[in-house]
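This report concerns only the one structure given below.
The values are calculated or read from the model by the stated rules, or taken from the named source; none is laboratory data. Fair warning: this is a prediction, and the values are worked out from it, not measured in the lab. All Cβ positions, even for glycine, are placed from backbone atoms using ideal geometry, and neighbour counts span all protein chains on display. Protein only, heavy atoms only, side chains kept; ligands, DNA and RNA dropped before computing areas. Shrake-Rupley method; radii C 1.70, N 1.55, O 1.52, S 1.80 Å.
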Amino acid sequence: MTAADAVTAFSLRQVQQIRGDDVHTLRDVDLDIPRGEVVALVGPSGAGKTSLIRLLNRLDSPASGSITYDGSLIETIPVRELRRRVAFVFQAPAMFPGTVAENLAVARDLARAAPNAGAIKIPEPDEALHLAGVDPAFASRDAQSLSGGERQRVSIARALMTGPETLLLDEPTSALDPDVADHIIATVRMLAASMQLTVVMVTHRLEEARAVSTRTVFMEAARVIEAGPTETMFTAPTNERARNFLLRGK
Amino acid sequence: MMLVAPQTASSSVLALSWLDLAFAGALVIVAMAISAWQRLGLARGFAIGAVRAVVQLVAVGYVLTYLIATRRWYLVLLTLLVMLVAATKTATDRQKRGRAKLFVISGTAMLIGAGVTLAYVDVIVLRLHPWYDPQYLIPLFGMIIGNAMNGAALAADRLNSEMELRRGEVEAYLALGASPARASAEAVRRALVAAIMPTLNMLMVVGLVSLPGMMTGQIIGGSSPLTAVRYQIVVVFMLAGAVAMTSVVVALWYRGTFFTAAEQLVSR
């Protein structure tokens, strides 16, 4: 599927974001994220990757510009509905008080309380744990006692409990050991394929972006410099800065 | 209810002369000496504090004498209002965040919490005639507002630190589509416990560990201890209600200032 014939999930036009101290965290961002694709946001620290992904389920709002989801301006979608449909997995996810099962129940109850709850496909907790690569025996564990990798998987399972269409991941592996990180990435790839999720993932590991994504977006200094199919971006990017970063790692 | 008769009381009270007060002042000098000896840097503070205490208390003594003598409802209400504003200012002055908004929040919360409590005690419990009797209303409101003030300050301060500490957790709730109320429920709960707990502790130990000031005063003033105790029971129940009401209004209203209209956390 190419970008041209895909349905667009997110479409950003002329998006600007400015921090309190008048520094642009995003500048003139134009970007389309096609439905069903796995999109990696890459670039040096401070490029604006996390700022951008946080706009997509309205954890933050842009200073100007427009963002649409499924053709609707995101401000016109009730914010709780948007967040249920567009799940967010944090870099260092906070566990809620209680067990793993109770953490999943929080998300399930929120989805069940949605106005259109009947139309949402809410997975069983065991199924969500299985999809996220967590042993179902973990359900009774105290969520606060989990290791970093386990927390990340539980937070993915928790996000799946709202029956989302899109999964946003903000550097999900940056705090993890390389082999734990590899397992998380394999899980994300499997999820995208088996659940037809649209995935947008911020990562600073280029091999990770290349392994998991179908499209890659290169950002630098608050701008989107170049975006395209991952294979093209990692073999023949047209922009010189993108070439330096993606091919030579600098 | 039997009211305390000042005439009979005064006969059994030792009158204090200014010289007696000067002797009492020696105890502040002890505190200043300890401060100088241990280099606490508090000696100057004690000197200023002692002078302030004398000036403030003497002034309030004259004000109360005037209010009790004139018995004008509008002067009584004006006094209560001044007390409310002073308490609100004290409760919000040392808060770290959103002080102007918090002044309105705390002031309204205390008006509700302390006002409802005072009106209830006035009309239902003591059945005062006239309803604005300054001899009762002002001391009672002083105790209510002092405790409500601590409740308001504790609720705001603790909510602020809980929201800071739980920022990740609150945002994780929001990101799943939770309402701000759901996302901050644990922070609000902890803030309320922190605000109300001192009042509960006071109920537990009153009469055992501490003899409350009002009761002590009544007993020294010549009232029967059993009358003093009845008043004190009214007072501690009153404080429980006032602190709980004030704290819950502060916590639930102040909570709203941590979120935007789009249900995002306000940036630090």
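Here are some notes:
- For chain A: relative contact order, % (alpha-carbon pairs under 8 angstrom, 6 or more apart): 26
- Couplings 3J(HN,Hα) of region A:124-138, computed from phi: 5, x, 4, 5, 5, 4, 4, 4, 8, x, 10, 4, x, 5, 6 Hz, in residue order, whole Hz [Karplus 6.51 cos²θ - 1.76 cosθ + 1.60, θ = phi - 60°; x for Gly and Pro].
- Members of region B:157-191 that become less accessible by 40 Å² or more once partner protein chains are added (1.4 angstrom probe, chain alone as reference): B:169, B:171, B:172, B:173, B:175, B:176, B:177
- Residue B:42/residue B:101 FRET efficiency (R0 35 Å; Cβ-Cβ; nearest 0.05): 0.55
- Share of pairwise Cα separations in the protein assembly as shown, more than 44 Å, in percent: 38
- GNM flexibility winner over chain B from B:194, B:109, B:26 (Cα, springs under 10 Å): B:26
- Loop sites in region B:95-199: chymotrypsin sites (Phe, Trp or Tyr not before Pro), DSSP, at most 14 other Cβ within 10 Å: B:131
- In Å², nearest 10: area of residue B:260 left accessible to a 1.4 Å probe: 50
- Once the Cβ-Cβ distance of residue A:119 and residue B:33 is raised to the sixth power relative to R0 = 56 Å, the FRET efficiency obtained is 0.10.
- Per-pair calculated FRET efficiency, R0 = 56 Å: residue A:241 and residue B:193 via Cβ, rounded to 0.05: 0.55
- Modelled this way, with points 7 Å down the Cα-to-C-beta line, the labels at residue A:64 and residue A:232 are 3.0 nm from one another.
- Reducing region A:21-61 and region B:124-139 to their Cα centroids gives an inter-centroid distance of 64 Å.
- Amide H to amide H distances under 5 Å link residue A:91 with A:170, where only residues 5 or more positions off or on other chains count and H is placed in the peptide plane.
- Taking Cα atoms only, the orientation of helix B:99-120 departs from the longest principal axis of chain B by about 50 degrees.
- Span-rule helices in chain A, defined as complete DSSP H runs reaching 20 Å or more along the axis (Cα) with Kyte mean at least 0.5: A:178-195
- For region B:46-64 versus region B:217-238, the gap between their alpha-carbon centres in whole angstrom: 25
- Note on chain B: GNM, Cα springs under 10 Å; of B:118, B:159, B:78, the largest mean-square fluctuation is that of B:78.
- Here the peptides B:32-40, A:121-129 are ranked by packing, the mean other Cβ count within 10 Å, and the order with the highest first is A:121-129, B:32-40.
- Taking all protein chains together and rolling a 1.4 Å probe, residue B:74 ends up with roughly 120 Å² accessible.
- Gyration tensor (alpha-carbon) shape descriptor, region A:84-208, a/c threshold 1.5: oblate
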